[in-house]
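Here is the structure we will look at.
The values are calculated or read from the model by the stated rules, or taken from the named source; none is laboratory data. On a predicted model such as this, the values are computed, not experimentally measured, just so you know. Glycine gets a Cβ as well: all are built from the backbone with ideal geometry, and neighbour counts include every protein chain shown. In case anyone asks, the SASA skips ligands and DNA or RNA and just uses the protein heavy atoms, side chains included. Shrake-Rupley method; radii C 1.70, N 1.55, O 1.52, S 1.80 Å.
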Amino acid sequence: MQKHEMIAHARQVMADNDRGTYTVPTHGLYPFQWNWDSALSALGFAQFDEPRAWTEIETLLAHQWEDGMVPHIIFHTPDDGYFPGPEVWGTERPVPTTGITQPPVAGFAVARIHARARDKALADTQARALLPRIHAWHQWFYRARDPKGTGLVALLHPWESGRDNSVDWDAAFTRVPTEGVGEFTRRDTTHANPAHRPTDEQYKRYIWLVKKFRSLGWDNSKLHDASPFQVVDPGFNAILIRACQEVAELAERLDMPQIAAESRVMAEAGVAAMETLWNEDLGQYLCLDRTTGAQIDSPSIGGILAVFAPIPKHRAAGISARLKVLAESCEYLIPSHDPTAPEFEGLRYWRGPVWLIVNYMVADGLARAGEPEMIGRIMGDCLRLIETSGFAEYHDPITADPCGGAHFTWTAAMIIEILHSYDFAA
Ligand code: GLC
């Protein structure tokens with residue numbers, strides 16, 4: 001497929017999922033606005049419609065909670081095709097939202113869109129308005145999700161990670177009870193192949209946590225300590241650290257010194273603390289189970305995505321070497337779980353398949369760290385996957401089989417972004 005044909009196709013996918021002021025990830029399976037989907041999709045919009053890109057992020061942040069949290073889903077219009085809907089979350093927001101968050105990639109997206117904006121005046125105005133809100137979100141993270149000041153934030157629900165069904169959560173998740181969750185009907189398995197989706201047992205635990213947090217009135221000063229699930233994810237923390245760093249640099253340029261200084265402190269503490277997640281045997285970072293204090297022995301993409309943060313040069317080189325090893329066991333980089341590990345499943349949600357958004361962030365981190373060796377392979381694999389199997393939610397790293405939802409917004413946005421940003425892909 002020619003570059004211009006691929007871009008035209010991707011733009012069509014984005015247009016079909018555009019609801020005016022926000023996009024849905026895909027019609028049917030995900031009929032609302034998702035947090036990190038929007039931030040990453042804005043990068044694609046910015047390549048052909050800057051005002052629309054800014055609107056996407058503005059809409060997301062318009063639903064920020066008073067305490068600073070930016071929710072993971074905003075239920076703009078009712079749709080009973082999705083479970084758990086607003087009545088399960090019970091957050092009592094003017095426009096219903098969930099009560100948990102998602103990877104804070106918006107700070108990075110704002111900085112990137114600002115840096116290459118053609119309309120500089122619009123970019124300055126938008127960034128000035130958005131930075132204080134994004135900064136408040138970052139501060140919320142360290143306050144609410146790192147109450148002991150370790151420098152790293154914990155996830156309280158697997159859905160916060162964005163890697164919903166990763167093997168990383170399995171052991172810690174066994175401590176989440178299933179009693180008393182009651183009867184419910186899943187909707188995801190009517191839109192996507194059940195074999196690609198989480199099991200019913202896992203779903204019960206997801207809902208148990210939602211009910212627990214709801215019983216605490218979604219009070220973020222209580223949730224962390226009350227949660228039986230507290231996991232520190234290197235990928236998630238890397239996104240937060242990188243966002244703090246980008247916000248610091250942009251705030252400085254826009255003459256917002258307090259935001260710049262506070263952001264820099266958070267980023268530096270985060271980078272230093274990331275070192276505790278490094279695992280020498282595997283040559284990558286690992287999650288930490290905060291309730292036991294032990295690393296989680298699960299070789300997933302979370303520990304590779306860590307390179308998105310400004311980690312030390314020798315660690316970035318280590319991640320590049322790890323990618324070389326992974327490349328030997330799959331056809332398409334980057335598998336969300338090591339294909340040689342026994343838990344690997346090429347088709348099941350975050351337990352093996354490739355996500356283009358993760359590929360993009362890893363490649364960006366490698367470029368920034370001056371570790372270019374694997375970038376061409378990673379970006380080239382993104383294009384091959386889409387050419388072979390279309391704009392699916394995710395793909396099997398061995399066979400390229402398309403999985404999950406089809407016609408996916410952020411997959412399309414990433415293709416637009418990659419084709420515009422990387423010369424070798426032309
Ligand atoms: C799934 C993914 C999550 C994403 C959402 C919408 O829940 O795991 O990362 O934000 O779908 O695409």
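Annotations for the structure displayed:
- Rg/Rh (Cα only; Kirkwood hydrodynamic radius) as it applies to the stretch 246-352: 1.07
- For the stretch 40-104, the Cα gyration tensor yields ellipsoid semi-axes of 24, 14, 10 Å (square root of five times each eigenvalue, largest first, whole Å).
- The lysine pair tally for the stretch 3-421, using Cα distances under 29 Å and a gap of 8 or more places or different chains, is 11.
- Across all directions, the average projected area of the convex hull around the alpha carbons of the stretch 305-426 is 6.9 nm².
- Bins of 10 Å, starting at 0 and running to the largest distance - Cα pair percent for the stretch 96-176: 15, 35, 30, 15, 4, 0
- Diffusion coefficient of the stretch 3-421 by Stokes-Einstein, Kirkwood radius over Cα pairs, 25 °C, 0.890 mPa s: 116 µm²/s.
- Rounded to whole Hz, the Karplus (6.51, -1.76, 1.60) HN-Hα couplings of the stretch 173-184, x for glycine and proline: 5, 5, 7, 8, x, 10, 4, x, 6, x, 7, 7
- A Cβ-based charge dipole, computed about the Cα centre of the chain with Lys and Arg at +1 and Asp and Glu at -1, lands at about 540 debye.
- Evaluating kT/(6 pi eta Rh) at 10 °C and 1.306 mPa s, with the Kirkwood radius of the stretch 312-355 over Cα pairs in the Stokes-Einstein relation, gives 145 µm² s⁻¹.
- Isotropically averaged projected area of the stretch 149-287, using the convex hull of Cα atoms (one quarter of hull area), nm²: 11.3
- Pairwise centroid distance, computed over Cα atoms, of the stretch 310-372 with the stretch 141-192, Å: 22
- Within the accessible area of the stretch 35-142 (1.4 Å probe), percent carbon and sulfur: 53
- Cut-off under 5 Å, modelled amide H: who pairs with Asp79 long-range: none
- In this label model, Thr185 and Thr21 are separated by 3.2 nm, measuring between points 7 Å along each Cα→Cβ vector.
- Accessible area per residue, Å², the chain with all protein chains present, probe 1.4 Å: 35
- For the stretch 230-256 and the stretch 94-132, distance of Cα centres in Å: 12
- Computed over the stretch 349-392, the ratio Rg/Rh where both radii use C-alpha atoms and Rh is Kirkwood: 1.01
- The chain: most fluctuating residue of Pro84, Pro234, Pro158 per GNM, C-alpha cutoff 10 Å: Pro84
- Counted over the stretch 205-244 with a bin width of 5 Å, the fraction of Cα pairs per bin, in whole percents, is 6, 21, 21, 18, 19, 13, 3.
- The heavy atoms of Cys330 present about 20 square angstrom of accessible area, all protein chains included, probe 1.4 Å.
- Highest mobility in the GNM of the chain, judged by mean-square fluctuation with C-alpha springs under 10 Å and restricted to Leu288, Leu156, Leu254, is found for Leu254.
- The stretch 216-302: C-alpha gyration tensor shape, a/c 1.5 cut-off, then a/b vs b/c: oblate
- The smallest convex shape that holds all Cα atoms of the stretch 76-127, its convex hull, gives 132 Å³ per residue.
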